[in-house]
Amino acid sequence: MGKFRRVPVGIVGASGYGGVQLVRLLMDHPEVEMVYLGGEISIGKSFGDLYPHLAHATNLLIEAVEPEIIAHRCEVVFLSLPNGLACQIAPKLLEKGCKVLDLSADYRFSDLTTYTNWYGTERSDRTIAATAVYGLPELYRDRISEAQLIGCPGSYPTASLLALSPLLKQGLIRPETAIIDAKSGTSSSGRQAQTNLLLAEADNSIAAFNIGRHRHTPEIEQICSELAGHELMIQFTPHLVPMVRGILATVYATMSDPGLVRDDLITIFSAFYRNSPWVRVCGSGVYPQTKWANGSNLCYIGVEVDPRTGRVIVMSAIDNLIKGQAGQAIQCLNLMMGWDETLGLPKLGFYP
């Protein structure tokens, strides 16, 4: 028998929080071999210098970002870069036959006019962007399996859309009444210096931010509109809470059939996600906590009905760095390669 061959993969932007999650997770993936880590500021440094806790596990160096070299060595490339940079690199990698998974917002939008309006970057890659598939496996599993380019969802949209999708797809709510109240740990803002992320600023406090203008709003609205079958606007308010990782999105909406009770909706949600190994629908009266998902690729969903107001309340808890970012990207990779969707991903978190 021939020697077992692992798929060579590379990560551009390996030094950020998304990048280090990818490195850590791909180390345990049985079908891949990391052969390239790329960056700008850290060129020439070993990954172990940047993250000493992983120094014993990898001797890879951070290399310059040169698409020709990357494509020669890698079959799959993860782009974990600030918005507006992936679109400069992805076309060159795709032209050379690489599969590309972008963790930024560059390839999440079917209409690049929306991207430009919210992110302020003009684009010249509309033809390539039109081939991108939105990387939420629970909705687009079949499309992902045939794609070469994946626009991986943001963490807030992941938690919010998993809570909203069954309601919109099954016509269970009046779509225009949907409100998302979401709370996230400080790692959602990435690994850069910001005053509001200092311990002295964030500790013992909770605050809303980017109210009515958060960049994840159009991303959420795009998918919700597709599910509802018509153009839809969603009220979305994010909050920063004094913890490192985790997102809890709480969705409120007026039910189209006020006769439905909690157990009805739990049954509907369970059926909707029956083939989704990374979604756990909680039992009656059980409401998820972010700590349950910590370190795992799981999304926990709890459902409640308020008969007094005729509203449904859905709570969705994820680890923003795993299911909301790097883990979901690897979940998409598994589908693209025809592997088991759960391969190489953490199935349970650590508690407490």
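What follows is calculated from the coordinates using simple rules that are stated; it is not laboratory data. Note that the structure is a prediction, hence the values are computed from the model and not measured.
Amide hydrogen proximity for M34: with H placed 1.01 Å from N in the peptide plane, the residues at 5 or more positions away or on another chain lying under 5 Å are V9. 3J(HN,Hα) couplings calculated from phi for the stretch 19-32 with the Karplus curve 6.51 cos²θ - 1.76 cosθ + 1.60 (θ = phi - 60°) are, in sequence order, x, 5, 5, 4, 4, 4, 6, 5, 4, 9, 7, x, 10, 10 Hz; Gly and Pro show x.
Springs join every pair of Cα atoms under 10 Å in this Gaussian network model of the chain, and among I11, I69, I180 the largest mean-square fluctuation is at I69.
A cut-off of 5 Å between modelled amide H atoms, ignoring neighbours fewer than 5 places along the same chain, links V279 with C299. For the stretch 58-89 versus the stretch 263-301, the inter-centroid distance based on Cα atoms is 35 Å. Sequence-ordered 3J(HN,Hα) estimates for the stretch 81-97 from the Karplus curve with 6.51, -1.76 and 1.60 and θ = phi - 60° stand at 10, x, 4, x, 9, 4, 5, 8, 9, 3, x, 5, 5, 5, 4, 8, x Hz, glycine and proline given as x. As an equivalent ellipsoid, the chain spans semi-axes of 33, 22, 21 angstrom, where each value is the square root of five times an eigenvalue of the C-alpha gyration tensor, largest first. Taking amide H as placed 1.01 Å from N in the peptide plane, the amide H of L81 sits under 5 Å from that of L103, S104, each at least 5 places away or on another chain. Of all the options S270, S205, S184, the one that moves most in a Gaussian network model of the chain with Cα springs shorter than 10 angstrom is S205. For the pair T254 and Y287 in one chain, pulling the backbone fully straight at 0.36 nm per residue adds 9.9 nm over the alpha carbon distance.
Rounded to whole numbers, the Karplus 3J(HN,Hα) couplings from phi for the stretch 307-322 are x, 5, 9, x, 10, 9, 10, 10, 10, 10, 10, 9, 8, 5, 8, 9 Hz, using 6.51 cos²θ - 1.76 cosθ + 1.60 with θ = phi - 60°, and x at Gly and Pro.
Were the residues from S205 through S189 laid out at 0.36 nm apart, the gain over their Cα-Cα distance would be 4.1 nm.
By how many nm would the segment from E176 to L61 lengthen if fully extended, with 0.36 nm per residue of separation less the alpha-carbon distance? Difference between extended and current length: 36.4 nm. Binning the alpha carbon pair distances of the stretch 155-323 at 10 angstrom intervals from zero yields the distribution 11, 39, 35, 13, 2, expressed in whole percent. Would you count, across the chain, every pair of lysines whose alpha carbons are under 20 angstrom apart, provided the pair is eight or more residues apart or spans two chains? Number of lysine pairs found: 5.
The calculated pair-distance distribution of the stretch 122-211 uses every alpha carbon pair, bins of 5 angstrom beginning at 0, and gives 2, 10, 15, 14, 16, 16, 14, 8, 4, 0 percent.
With springs only between Cα atoms under 10 Å, which of P307, P157, P288 fluctuates most in a Gaussian network model of the chain? Looking only at P307, P157, P288, the biggest GNM fluctuation is shown by P307. Using C-alpha pairs below 8 Å separated by at least 6 residues, the relative contact order for the stretch 155-323 is 30 percent. The stretch 311-352 and the stretch 174-241 have their alpha-carbon centroids 19 Å apart.
Translational diffusion coefficient of the stretch 7-131 (Stokes-Einstein, Kirkwood radius from Cα pairs, 20 °C, 1.002 mPa s): 143 µm²/s.
Each Cα pair under 8 Å and six or more residues apart adds its separation to the average, and for the stretch 283-352 the resulting relative contact order is 36 percent. The mean sequence separation of alpha-carbon pairs under 8 Å and at least six residues apart, normalised by the residue count of the stretch 7-131, gives a relative contact order of 23 percent.
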